[in-house]
Amino acid sequence: MRFFNRVTYFTPESVELEFTLAGIGSRAFALLIDYHILFLGWALFITIWSVVIGQLLEYLDRIGLNYSGLDNWLAAIIILLSFAVFIGYFVFFEVFWQGQTPGKRLAKIRVVREDGRPVKLTQAVLRSLLRTIDDFLFVGFFFIIFGRKEKRLGDMVAGTIVIQEERPAIRQPFQLSEQAQTIAKKLLQSANLSLLLPDDFAVIREYLQRRSIMDKKAKSQISLKLARQVKEVMELENLPSEMTPDLFLEATYLAYQQQFGDQE
Amino acid sequence: MASGQVPQDAIQPLTVGNVVTAGIRLYRSHLGQYLGIAVRATLWFLLPILGFSLAFYLAREQAVVIALLILAAILAYFFCTAKFLTNSALISRLAFGELINQPESLSQARAPIDHRLWRFLGAAFLLFLISFGISIAVAIASQTILFTITFALGSSPSGSSPDNLITGIVIGLTVFILQLISLSIQFWLNARFFIYDTPLAVENDVGAAGTISRSWELTKGSAWRIFLISFVTFLVTVPLFILILLVLISFAVPLFRGYVSPLDVLPVLFPLILGTIILFLLGFMLVMPLWQAIKAVVYYDLRSRREGLGLQLRDRTFE
């Protein structure tokens, strides 16, 4: 079943762009992180402000000025400034980090305009202004869960969507043992590598990449299973020499790569 | 899909946010089914409480009957708790089936789960023992540390004023740090045993102790991630409880309005408390399938990361 909503956009040049929407979980997670950072920053701001105002009031006391109405002014100023900090945090990051705040960066999601273009100041401000309703009255929460494009009020007004970041195709390099090369050469001669589909190659590569974080017992089971399946697919009767399943898979990987090139 | 990505058959690890989104998605698409099971589970949970309250009320004169009823109540309590647990686990099993693209029908899934009824109870009981034991150990350890430091600094633990400010600060800081540590241990344990019933629901040949050790083993190194997932899930359920609170407040405030002394309020208090209990039970019933679905997703994610679940060559000629 489809867990994540997709949005397709046709550019004027008839190019089809497809985005995966972020989903409520990632957005809630990003919001959690953002509010923590925001709160810490705001607390710091308030502390500095209090020190400054304390000094100011002390000075006014010393020169004997009557500042009876000042309290109200100060309260008003601090409320406005707090609101500015709250909005400003989101606006600043969404504009300068191409639609990502620190929280969104951790959650690997991004705010973009509906056509995939990056957000500008207008959109960022509109989104943030509506946060008071969306976040604190939980209205946005319901809109995200039940909307087709997962737009909260801020998104609707600003014409933005929040998408998941596409993981780059650059793979992490993984270790291959030295014997793999020699065995790969033998495989190129003896085995029918063309019977392997590119998808199978991708699965082998995925295994080789993920094996370092796998549990030892499971890893040996999986490598054995994969090796057997690969051997059967390639119609290889006998292995060139004694080897572990891991080694066989590494050799197959190298051999396939040499024969067909690494199709990224 | 972007080129170079693994075909849909091989399963990719999920991020924290995606786990929660997937869980919510599962719940939404099977709302009727999961809620139905949750209703059954809640009813099983209520059955001993309500049934035996009624029985005790009716038999309030006869002592022998009361004694027998107490015995029956204890046995029924265990049975009904087990039933509650199996229904919860059923949701996890159904959710997991969806995740690995091998969905089961309700009756198909229920059969093996009901078969393991007592193992679920055993697992829950074991978990309770383990948590209880560790809480006690942590409490003893922290109190010992606190007393040692207090004595070392020269003041008595009965709270008489410390000799100087430094001692007071040090003791205060120690208490704070100890509380933080015991809280972290609590969270960490919750994370490590988060999926304690899922292996029993999904895998074959797992016993009560086996499912707990499986949860321990699978969650190695992922405790922090699981904690974040639980926290986000909890956040997502908060709006529902705020709604419940609002409903309660809107009823309670006008009710309390004309009363002067606490005694006058008493006749109104009972229905209010009953209402609160019912509403929170409803809230719990609505939220329980989400947690079970999230547990299934976490289990699936951990198995795909650590054990390469689903990592196999595309099905062609072999099964």
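Each reported figure results from applying straightforward, stated rules to the coordinates on display, with no laboratory input. If you're wondering where the values come from, they're calculated on a predicted model, not measured in any experiment. Using ideal geometry, Cβ is built from the backbone for each residue, glycine included, and neighbour counts are taken over all protein chains shown.
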Taking alpha-carbon centroids only, region A:193-264 lies from region A:19-52 a number of Å equal to 45 Å
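Hey, could you grab the Kirkwood Rh for region B:10-58? Inverse mean 1/r over distinct alpha carbon pairs, Å, one decimal. Spell out each step's value before the answer.
Numbers: mean 1/r = 0.0726 Å⁻¹.
Computed over Cα pairs of region B:10-58, the Kirkwood hydrodynamic radius comes out at 13.8 Å.
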Per GNM of chain B with C-alpha springs under 10 angstrom, the most fluctuating residue out of B:Tyr34, B:Tyr77, B:Tyr196 is B:Tyr77
Farthest towards the positive end of the dipole of region B:121-237, among B:Leu173, B:Pro199, B:Gly133 and with Cβ unit charges of +1 on Lys and Arg and -1 on Asp and Glu, lies the Cα of B:Leu173
Long-range alpha-carbon pairs in chain A, meaning those over 26 Å apart, account in percent for 62 percent
One checks the Cα atoms of region B:23-139 and finds Rg and Dmax, in Å, of 18.1, 58
Cα-based Rg then Dmax for region A:42-149, in Å, read 19.3, 63
Out of A:Ser177, A:Ala251, B:Ile74 - ranked by how far each Cα lies towards the positive end of the dipole of the protein assembly as shown, with unit charges on the beta-carbon of charged residues - the top one is B:Ile74
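Just the number, please: Stokes-Einstein D of the protein assembly as shown in µm²/s, Kirkwood Rh from C-alpha pairs, 4 °C, 1.567 mPa s.
45 µm²/s
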Checking B:Glu203, B:Glu61, B:Glu217 against a Gaussian network model of chain B (alpha-carbon springs below 10 Å), the top fluctuating residue turns out to be B:Glu61
To the nearest 20 debye, chain B has a Cα-centred charge dipole, built from +1 on Lys and Arg Cβ and -1 on Asp and Glu Cβ, of 320 debye
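Relative to the Cα centre, what is the charge dipole magnitude of region B:79-148, using +1 at the beta carbon of each Lys and Arg, -1 at the beta carbon of each Asp and Glu, and rounding to the nearest 20 debye? Please report the intermediate quantities before stating the final value.
On the way: 5 positive and 3 negative charges, 30 e Å.
Charge dipole of region B:79-148: 140 debye, to the nearest 20.
What are the equivalent ellipsoid semi-axes of region B:53-121, built from the alpha-carbon gyration tensor (square roots of five times its eigenvalues), in whole angstrom, biggest first? Before the final figure, lay out each step's value.
Values: eigenvalues 289, 20, 12 Å².
Taking √(5λ) for each Cα gyration eigenvalue gives 38, 10, 8 Å.
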Phi angles of region A:105-114, converted by Karplus (6.51 cos²θ - 1.76 cosθ + 1.60, θ = phi - 60°) into ³J(HN,Hα) in whole Hz with x for Gly and Pro, give 5, 5, 7, 6, 10, 8, 8, 9, 6, 4
With +1 on the Cβ of every Lys and Arg and -1 on the Cβ of every Asp and Glu, the dipole magnitude of region A:210-264 about its Cα centre, in debye rounded to the nearest 20, is 400 debye
Reduced to Cα centres, the span from region B:10-76 to region B:88-139 in Å works out to 13 Å
Of the convex hull enclosing the alpha-carbon atoms of region B:90-244, the direction-averaged projected area in nm² is 13.6 nm²
Rg (one decimal) and Dmax (whole number) from the Cα set of chain B, in Å, equal 24.8, 82
One quarter of the C-alpha convex hull surface, i.e. the mean projected area of region A:1-75 in nm², amounts to 10.1 nm²
Any DSSP H helix in chain B with Cα axial reach of 18 Å or more and mean Kyte-Doolittle score of at least 0.0? Listed by number, the hits are B:16-29, B:31-58, B:63-99, B:117-152, B:165-192, B:223-256, B:262-307
With the charge dipole of the protein assembly as shown built from beta-carbon charges (+1 for Lys and Arg, -1 for Asp and Glu) about the Cα centre, the Cα from B:Leu26, B:Phe147, A:Leu60 projecting farthest to the positive end belongs to B:Leu26
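So what is the 222 nm mean residue ellipticity for chain B from helices alone, if each DSSP H run of at least 4 adds -39500 (n - 2.57) and you divide by all residues, rounding to the nearest 500 deg cm²/dmol?
Working: 10 runs with 249 residues, N = 319.
Roughly -27500 deg cm²/dmol at 222 nm, from the helical runs in chain B.
Count charges around B:Thr219 for me, please; just the other residues with Cβ under 15 Å from its Cβ, Lys/Arg as +1, Asp/Glu as -1.
Numbers: positive: B:Arg192, B:Arg214, B:Lys220, B:Arg225, B:Lys295, B:Arg303, B:Arg305, B:Arg306; negative: A:Asp215, B:Asp197, B:Glu217, B:Asp301, B:Glu307.
Combined, the nearby Lys, Arg, Asp and Glu give +3.
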Measuring from the longest principal axis of the C-alpha atoms of chain A, the long axis of helix A:198-210 (C-alpha) lies at a number of degrees, nearest 10, equal to 60 degrees
